[in-house]
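Working notes for the structure below.
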Amino acid sequence: MRSNTKIMTVFFINDCVRFPDDVYDRKWYPIFQNSWTQVTTNLNVNISTIYELPQSVMSTAATPLNANATLNITWTIEPPTTPFYSYIHFAELQSLRANDTREFNVTLNGEYTIGPYSPKPLKTETIQDLSPEQCNGGACILQLVETLKSTLPPLLNAIEAFTVIDFPQMETNEDDVTGINDVQNTYGLNRISWQGDPCVPKQYSWDGLNCNNSDISIPPIIISLDLSSSGLNGVITQGIQNLTHLQYLDLSDNNLTGDIPKFLADIQSLLVINLSGNNLTGSVPLSLLQKKGLKLNVEGNPHLLCTDGLCVNKGDGHKKKSIIAPVVASIASIAILIGALVLFFVLKKKTQSKGPPAAYVQASNGRSRRSAEPAIVTKNKRFTYSEVMQMTNNFQRVLGKGGFGIVYHGLVNGTEQVAIKILSHSSSQGYKQFKAEVELLLRVHHKNLVGLVGYCDEGENLALIYEYMANGDLKEHMSGTRNHFILNWGTRLKIVVESAQGLEYLHNGCKPLMVHRDIKTTNILLNEQFDAKLADFGLSRSFPIEGETHVSTAVAGTPGYLDPEYYRTNWLTEKSDVYSFGVVLLEIITNQPVIDPRREKPHIAEWVGEVLTKGDIKNIMDPSLNGDYDSTSVWKAVELAMCCLNPSSARRPNMSQVVIELNECLTSENSRGGAIRDMDSEGSIEVSLTFGTEVTPLAR
């Protein structure tokens, strides 16, 4: 199986461009050198080619300042023998006089490619490689050299280059692809990851799927499908019967209707079916009930009938849940095991963190071990003020202070550690924000949002009781105020990936969607295992009308992290959070203050942007990392941050896209492989690994 991976898409203005300007969501990054001048036009360029290039890309170009100079673009590829395809895009943007001629030859690494060539007026043309190229030592140089008859210097609008990846795995089993595509189309699933091959490559398999890729000599097969809580409507689609190797099927907690289809019993490999929490009707097929070794859960379907009482376990004279006995026994066993583990970790937990585990600190070899995490499971509860006093031992231990008030350490039931935020009577944040945070946290639940254990609302005594986050906030660890440990690059990526997942849930998993409005490193908290969770939802706003693109509201947030478009217009969208998250990304990359008056460009985004125009990334990287990071991963993170910080909210990625890109960064760092740029080379083009479904260079 083959696919293409982008190593660069560049053009010659100041902002990055992607969807909706690019219908294929290619990411176009700006590059410019002091020896060039920019050419632009306000006229429409004809972009009607198979490549469907953005108008904003093709309406700009670069030419040498010196009319007799060569236009050079260089980049580095690793491993040096990697073959690649290039696509060079041209359109004449200037109105030439009768005696003017623009004509040049194109060479790659000194070898003639095409020419003499003259761009067509306001019409896009693309020069492409029909066979892959290689660069000596991995150092590539593209040159546009004017001919003797030319009166004008060479001109270039944009360039793309792609390497070819050969996957050892074969494509997913054809029947499985047909079945899962039918499921996707039937239920209108628009999950970001549901693109390309469902199982290949393994690290980018579709969400909710597990595949068997163990034997590379046979096509991968889908063995597990989890679409629980996915908003499914209608009947159970017949497309599932094409998934003939399925072992686990979970369609629970949806709004499925109609009968349970008999074909489920014909899927020989099925071991577990969970159809609970739907509106299914009719009778459970007898063939399904009598299938040996099958664990079936049909609980929570009030209109579903079960033949011969086989869905009911009898005992103690009471009707049990409609679930077959093996499921109950398994769940009971698991519950006992989890209870024992939780008790063990609660008793083991220390009252104060002594620093991050060895897996998360900067090590001499730059590698990390992974560790499991225990979870506190609690129910939201309203507490009295006297109970709060008892929890905190009369407010004995202070964990920190914020705009809301003082945060104290406490214990619930004498064992479970919690953090208790007490509203100060002098606080600028009053009951409105307290109420907003309680209401949001009572209705949203995600592993990357800090959990609300309970609250106190008793007269003037207001308190929020959260799960205890033993390692404080990200800002403390980046600044070194908490301890002397240095978070390695892999751990920083893990933290922002998890934070992005929490924010993506607020934007896409909540109905109506929520905007946090105060994303910053002090609001990213870390538990004992350095798992990240977003906190401080006092400024959060919901969009009360579904489909609403923005709300008009008074500006709120933290200087430096505040979206300038929101500040200027008072129009709040989820892209305002994306801007703030871009600032957080630059913080973990640079470990520099967000605003530093000592810099020529005080704001971190302006400072990084200025450094990047010189093609130099080493000067923005946190020096305490000592160069111990995958350079591809770093560049992708920098590029993503700058796209998040685009002045126009419409040009910023959404958080689903951010999560995907950051996971790719983390995968690259963990593997320490792939195409790695020359970090010391000024003016080198960025290596941008983005996943596509392309099979050949033309299929884009």
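Taken together, the values in this text are just the output of simple stated rules run on the coordinates, not laboratory data. Here the structure is a predicted model, which is why all the values come from computation and not from measurement. Here the Cβ positions follow ideal geometry from the backbone for every residue, glycine too, while neighbour counts run over all protein chains shown.
Tabulated data
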quantity	calculated
Test item: Cα-centred dipole of the range 474-671, Lys/Arg +1 and Asp/Glu -1 on Cβ, debye	360 debye
Sequence ranges 497-508, 458-469, ranked by mean other-Cβ count within 10 angstrom, highest first	497-508, 458-469
Long-range HN-HN contacts of Val39 with modeled amide H, under 5 Å	Ala61, Ala62, Thr63
Net dipole in debye of the range 116-257 [+1 Lys, Arg Cβ; -1 Asp, Glu Cβ; about Cα centre; nearest 20]	640 debye
Per-residue ³J(HN,Hα) for the range 389-397, Karplus 6.51 cos²θ - 1.76 cosθ + 1.60, θ = phi - 60°, Hz, x for Gly and Pro	4, 5, 4, 8, 6, 6, 6, 7, 10
Table column - 3J(HN,Hα) (Hz), the range 187-198, Karplus curve with 6.51, -1.76, 1.60, x for Gly and Pro	9, x, 6, 10, 5, 4, 6, 7, 9, x, 6, x
For Leu462, residues with placed amide H under 5 Å, excluding near neighbours	Leu423
Neighbour net charge for Thr147 - beta-carbon separation under 11 angstrom, K R +1, D E -1	0
Amide proton proximity set for Gly234, modelled H, under 5 Å, gap of 5+	Thr257
Simple label model, 7 Å out from Cα along Cβ direction - Asn212 to Gln128, nm	3.9 nm
Calculated FRET value between Asn570 and Asp628, using beta carbons and R₀ = 60 Å, to 0.05	0.85
Potential lengthening between Leu148 and Asn279 on full extension [0.36 nm per residue; Cα-Cα distance subtracted]	39.4 nm
The range 2-166 - percent relative contact order, Cα under 8 Å, separation 6 or more	33 percent
Vicinal HN-Hα couplings computed from phi for the range 624-632 (Karplus, 6.51 cos²θ - 1.76 cosθ + 1.60; Hz; Gly/Pro x)	5, 7, 6, x, 8, 6, 7, 5, 4
Potential lengthening between Ser229 and Tyr112 on full extension [0.36 nm per residue; Cα-Cα distance subtracted]	36.3 nm
Sites Lys202 and Thr178, calculated FRET efficiency, Cβ-Cβ separation with R0 25 Å, nearest 0.05	0.75
Summed side-chain charge close to Asp253 - residues other than Asp253 whose Cβ falls under 13 Å, Lys, Arg +1, Asp, Glu -1	-3
Gain in span if fully extended, Asp100 to Lys475, counting 0.36 nm per residue against the direct Cα distance	129.1 nm
Of Lys475/Lys618; Lys27/Lys614; Lys295/Lys533, pairs whose Cα-Cα distance is over 26 Å	Lys295/Lys533
Within straight-line cross-link reach of Lys435, aspartates and glutamates at Cα separation under 14 Å, skipping those fewer than 8 residues along the same chain	Asp457, Glu458, Glu460, Asp536
